[in-house]
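Enquirer: One structure is given below, represented as structure tokens, and several questions about it will come after.
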Amino acid sequence: MTNVPRIRVVVLGSSRVGKSAVTVRYLTKRYIGEYSSTTDLLYRHNVSFDSVNIEVEILDTCKCKITGCLYDHLRWGEAFVVVYSVCDEASFREAQLLLETLAKLKLPSYYTTLLLGNKRDLEHSKKVCVDAGQELSLRYGCQFYEVSAAESYAGVSLAFQSLLREARSVQLLRAMPIRRKLGVNSVSKVLGTIFGQNKSRDRGKKRPSLSI
């Protein structure tokens, strides 16, 4: 029996930014606006891309304070979705802190991150512009999408799919024999090629992003 590859995803962010909303939207295509969970929730989901079946475990965290529990989540995960609300500047600052913590704790070539700005449909209340999200994602070398879990499944789905494809690429690179493993810079080049960009050659360009 062939083992199915597995990717462990952790969804992080401040309270009331829509972590559960984007997670459930991706998994079920449905939008549920109100969540009151006080515990972390673990979902299992099977996806298929590039002719490969993947088992995805998604941990929807209820809190993001820098505690021992959070560090356990960061060590457990291989891919991370850091969510903030475009209507809440404090949640954006919290997202920056989470990205900084990830960068300190994880080896650069061994994890994948998506910065996700939610609630873009609330244009009248918007406090964090798209450029701010782009600049933060560029600083930490992660993907960036601005979406509305309330309005559209397509944007949330595309963001998660992009994260999973990159995470799978990192897994394959890690599985190479030790004498053939690539260094951090080479990994960045390969992933840059996958996403149509060579970061070492042109650091001024931003990683793929979408506001939808």
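The values are calculated or read from the model by the stated rules, or taken from the named source; none is laboratory data. Treat the numbers as computed from the prediction; the structure is a model and nothing was measured. Glycine also receives a Cβ, built like all others from the backbone with ideal geometry; neighbour counts cover every protein chain displayed. All accessible areas refer to the heavy atoms of the entire protein, side chains included, with ligands and DNA or RNA removed. Shrake-Rupley method; radii C 1.70, N 1.55, O 1.52, S 1.80 Å.
Enquirer: How far, in nm, would the chain grow between residue 47 and residue 76 when pulled straight, counting 0.36 nm per residue and subtracting the alpha carbon separation? Write out the running numbers ahead of the final one.
Expert: Numbers: separation 29, 0.36 × 29 = 10.44 nm, distance 2.02 nm.
The span from residue 47 to residue 76 would gain 8.4 nm if fully extended.
Enquirer: Taking the Cβ-Cβ separation of residue 28 and residue 3 as r and a Förster radius of 35 Å, what is the calculated FRET efficiency to the nearest 0.05?
Expert: Working: r = 26 Å, r/R0 = 0.76.
Efficiency at R0 = 35 Å is approximately 0.85.
Enquirer: Next question. Express in Å², to the nearest 10, the accessible area of residue 7 obtained by rolling a 1.4 Å probe over the protein heavy atoms while all chains stay in place.
Expert: Per-residue accessible area (residue 7): approximately 0 Å².
Enquirer: Please work out whether the range 3-119 counts as rounded, prolate or oblate from its C-alpha gyration tensor, where a ≥ b ≥ c are the square roots of the eigenvalues and a/c under 1.5 means rounded, while otherwise a/b larger than b/c means prolate and anything else oblate? Spell out each step's value before the answer.
Expert: Details: a/c = 1.70, a/b = 1.17, b/c = 1.46.
Cα axes put the range 3-119 in the oblate bin.
Enquirer: With every protein chain in place, what's the accessible area of residue 48 (1.4 Å probe, Å², nearest 10)?
Expert: In the full protein context, residue 48 sits at about 80 Å².
Enquirer: So how much accessible area does residue 93 have, in Å² to the nearest 10, using a 1.4 Å probe?
Expert: In the full protein context, residue 93 sits at about 140 Å².
Enquirer: Between residue 151 and residue 38, how high is the FRET efficiency from 1/(1 + (r/R0)^6) when r is the Cβ-Cβ distance and R₀ = 30 Å? Nearest 0.05. Before the final figure, lay out each step's value.
Expert: On the way: r = 27 Å, r/R0 = 0.91.
Once the sixth-power term is evaluated, E becomes 0.65.
Enquirer: Residue by residue through the range 75-92, which ³J(HN,Hα) values in whole Hz follow from phi under the Karplus form 6.51 cos²θ - 1.76 cosθ + 1.60 (θ = phi - 60°), with glycine and proline marked x?
Expert: My calculation for the range 75-92 gives 6, 6, x, 10, 9, 9, 10, 9, 9, 9, 9, 5, 9, 9, 5, 5, 5, 5 Hz in order.
Enquirer: Quick one: of 29/119; 29/104; 19/106, which pairs are farther than 28 Å apart, Cα to Cα?
Expert: Numbers: 29/119 16 Å; 29/104 34 Å; 19/106 22 Å.
From the list (29/119; 29/104; 19/106), the Cα-Cα distance tops 28 Å for 29/104.
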